[in-house]
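As structure tokens, the structure follows; a few thoughts come after it.
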Amino acid sequence: MKSISDSKNRKILKTAKLYRTECREAILKVLLKADKPLNQKQITQRLGKKRFDKVTIYRTLESFCEAGLVHKAFMQKRAWHFESAQDCSEIQCHPHFTCTNCGDTHCLTEMTLPMAKSPHKGFVIRRQQVRLEGLCPACA
Ligand SMILES: [Zn+2]
Ligand SMILES: [Zn+2]
């Protein structure tokens, strides 16, 4: 588990021009510590004793996404999985690998893929998010 200092946490919020709230600080901490994208339910569980209502957590995640602090990495079982944007570049997120056997998703932070070029005129590609599927080491 990565250790995240409160001052780093605060600096990130400040850079993103977001007011510090207890909920924002707590959720940001959870996402910075996580080693893979989490859905809202998992985030709520990791917040532990700090109880925030569903709507507050949802709005906080949305404000993080709008500010570019957090990315919606992928959707699984009808739920968005969120992750901190710190391991992504401006134009692309690191690829995510989902095991078709156990369903686990891994962040491939070391992997960079060439940006796709549109074969069709008039489409401007601004960001790239790639999702890979196959078997993880435990299932292969
Ligand atoms: Zn697996
Ligand atoms: Zn990731």
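The table that follows gives values for the structure above.
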quantity	calculated
Nonlocal amide H pairs with residue 92, under 5 Å, H built at 1.01 Å	128
Given 12 as the ceiling on other Cβ atoms within 10 Å, longest exposed-site-free region of the chain for chymotrypsin sites (Phe, Trp or Tyr not before Pro) in DSSP loops	20-122
Qualifying trypsin sites (Lys or Arg not before Pro) for region 40-97 [loop in DSSP, other Cβ within 10 Å: at most 14]	49, 50, 51, 77, 78
Built amide H within the under 5 Å cut-off of residue 82, gap 5+	38, 39, 73
Pairs beyond 22 Å (Cα-Cα), from 14/41; 49/77; 77/117; 14/54; 14/36; 29/50	14/41; 49/77; 77/117; 14/54; 14/36
Karplus 3J(HN,Hα) series, Hz, for region 45-54 with 6.51 cos²θ - 1.76 cosθ + 1.60 (x for Gly, Pro)	4, 6, 5, x, 5, 5, 9, 10, 6, 3
Kirkwood hydrodynamic radius (C-alpha pairs) into Stokes-Einstein, region 39-107, 25 °C and 0.890 mPa s, D in µm²/s	186 µm²/s
Prolate/oblate/rounded label for the chain (Cα gyration tensor, a/c 1.5)	oblate
Nearest-20 debye value, region 55-140 charge dipole, Cβ charges on Lys, Arg, Asp, Glu	420 debye
Share of carbon and sulfur in the accessible heavy-atom surface of region 34-129 [1.4 Å probe, %]	51 percent
Percent antiparallel among DSSP beta bridges (both partners in the chain, rounded to 5)	70 percent
Dipole of the chain, positive end: most advanced residue of 98, 79, 44 [Cβ charges, Cα centre]	44
Rounded accessible area per residue of the chain, 1.4 Å, Å²	69 Å²
Most mobile listed residue (70, 55, 30) in the chain, GNM with C-alpha springs under 10 Å	55
Gyration tensor (alpha-carbon) shape descriptor, region 1-73, a/c threshold 1.5	rounded
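The values are calculated or read from the model by the stated rules, or taken from the named source; none is laboratory data. Everything numeric in this text was worked out from a predicted model, so none of it was measured. Positions of Cβ are backbone-derived with ideal geometry, glycine not excepted, and every protein chain shown enters the neighbour counts. Ligands, DNA and RNA are stripped out before the accessible areas are found, and what is left, the full protein with its side chains, is counted by its heavy atoms. Shrake-Rupley method; radii C 1.70, N 1.55, O 1.52, S 1.80 Å.
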